[in-house]
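Visitor: The structure's right below; bear with me while I get my questions together.
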Amino acid sequence: MAELSVVVPVFNERGNVAGLLDEIAAALRGRIDFEAVFVDDSSGDDTLAVLRAALARMPELRVIHHARQSGQSTAIRTGVRAARAPWIATLDGDGQNDPADIPKLLAMRDAAPAEVKLFAGWRVERKDSGSKRWASKWANAIRSRLLRDETPDTGCGIKLFEREAFLDLPYFDHMHRYLPALMQRAGWRVQSVPVNHRPRGAGVSKYNNLNRALVGIADLRGVAWLIRRSKRTASHEIDG
């Protein structure tokens with residue numbers, strides 16, 4: 001049985017998926033029993049065909065296809081629900097996250113207290129455009145001030161978390177951008193881990209600064225509301 005499921009949401013990434021698969025295999029084979037769950041979010045190019053062809057050469061690969069485009073958060077949740085391992089590592093499908101960082105996250109998990117359920121990648125040296133870095137810095141500052149999640153980079157695609165803890169979180173579109181705050185709301189701890197960041201391998205970004213900002217404002221208010229309205233209390237079963 002797999003000990004780790006690597007979940008990768010992809011949309012129109014035909015130029016990146018084959019190389020990413022090879023990097024995942026190089027990073028994890030011989031280290032841990034794993035599976036790679038690629039979720040194709042109804043790509044308009046031949047991403048699905050490339051993944052289908054890769055099934056023959058990579059026994060750890062599983063491919064799931066959305067009947068209609070549903071967004072990154074839904075694709076991640078689809079992959080996590082289908083996963084067979086108790087721990088999940090996520091990567092963006094554009095190749096900017098480095099699969100070689102997954103063993104580092106696993107080592108951090110093994111050394112951490114059991115209450116740490118999320119290890120979040122932290123892109124210390126981002127390889128994005130200046131405008132994108134500025135927009136991300138601005139968004140992180142606002143998010144941190146409002147949610148107090150003490151996480152310097154919630155937008156990094158590489159993360160390691162417990163499957164059960166993730167599936168217990170409230171689900172909504174774009175929830176993947178707020179995993180640290182949602183995990184903390186559930187009573188778990190989060191640890192940020194510096195990771196490598198690379199230029200996009202091929203294709204173009206599916207987001208721009210404006211649509212991120214417009215969606216993010218509504219989501220941020222919603223997550224803040226969830227945190228304000230949450231209640232947790234210790235409990236134990238009484239023996240007869």
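The values are calculated or read from the model by the stated rules, or taken from the named source; none is laboratory data. This structure is a prediction, so every number in the text was calculated from the model and none was measured. We place every Cβ from the backbone using ideal geometry, glycine too, and count neighbours over all the protein chains shown.
Visitor: Criterion first (in contact (Cβ under 8 Å) with a residue 60 or more places away in the chain, part of a loop (DSSP other than H, G, I, E, B) and either farther than 16 Å from Ala18 by Cα or within 20 Å of the chain's Cα centre (by Cα) (or both)) does Ala85 satisfy it?
Guide: So Ala85 fits the description; yes.
Visitor: For region 157-176, which positions are assigned to a helix (DSSP H, G or I) and either polar (S, T, N, Q) or touching a residue at least 60 places away in the same chain (Cβ under 8 Å) (or both)?
Guide: Correct list: Arg163, Glu164, Phe166, Leu167, Met175, His176.
Visitor: For region 24-44, which residues satisfy the criterion of being assigned to a strand (DSSP E or B) and among the small types (Gly, Ala, Ser)?
Guide: Of everything in region 24-44, just one residue is assigned to a strand (DSSP E or B) and among the small types (Gly, Ala, Ser), namely Ala36.
Visitor: Here's another thing I want to ask about it. Can you pull out the residues in region 107-126 that are hydrophobic (A, V, I, L, M, F, W, C) and under 15 Å from Asn196 (Cα atoms)?
Guide: The answer is Phe119, Ala120, Trp122, Val124.
Visitor: For the subset of region 224-238 comprising residues that are in a loop (DSSP other than H, G, I, E, B) and under 26 Å from Val116 (Cα atoms), which member is modelled with the highest pLDDT?
Guide: Ranking the qualifying residues of region 224-238, first place goes to Glu237.
Visitor: Just give me the residues in region 192-223 being at pLDDT 75 or above, small (Gly, Ala, Ser) and either in a helix (DSSP H, G or I) or touching a Leu at 6+ places or on another chain (Cβ under 9 Å) (or both), in sequence order. Let's see the steps before the verdict.
Guide: First, pick out the residues of region 192-223 that are at pLDDT 75 or above: 192-202.
Now restrict to residues that are small (Gly, Ala, Ser): 192, 201-202.
Listed by number, the list holds a single entry, Gly201.
Visitor: Now for a separate question. Would you tally the residues in region 43-68 being under 18 Å from Arg81 (Cα atoms), touching a helix residue (DSSP H, G or I) at 6+ places or on another chain (Cβ under 9 Å) and of a type outside the set (Lys, Arg)?
Guide: So the answer is 6.
Visitor: While we're looking at this one, here's another question. Determine whether Ala26 is over 21 Å from the mean Cα position of the chain (by Cα) and over 15 Å from Glu3 (Cα atoms). Before the answer, list the steps.
Guide: Working: over 21 Å from the mean Cα position of the chain (by Cα): no; over 15 Å from Glu3 (Cα atoms): yes.
When the stated conditions are applied, Ala26 does not pass them.
Visitor: Scan region 95-120 for residues that are in a loop (DSSP other than H, G, I, E, B) and either out of contact with any helix residue (DSSP H, G or I) (no Cβ under 9 Å at 6 or more places or on another chain) or at positive phi (or both) and jot them down.
Guide: Gly95, Gln96, Ala112, Pro113, Ala114, Glu115
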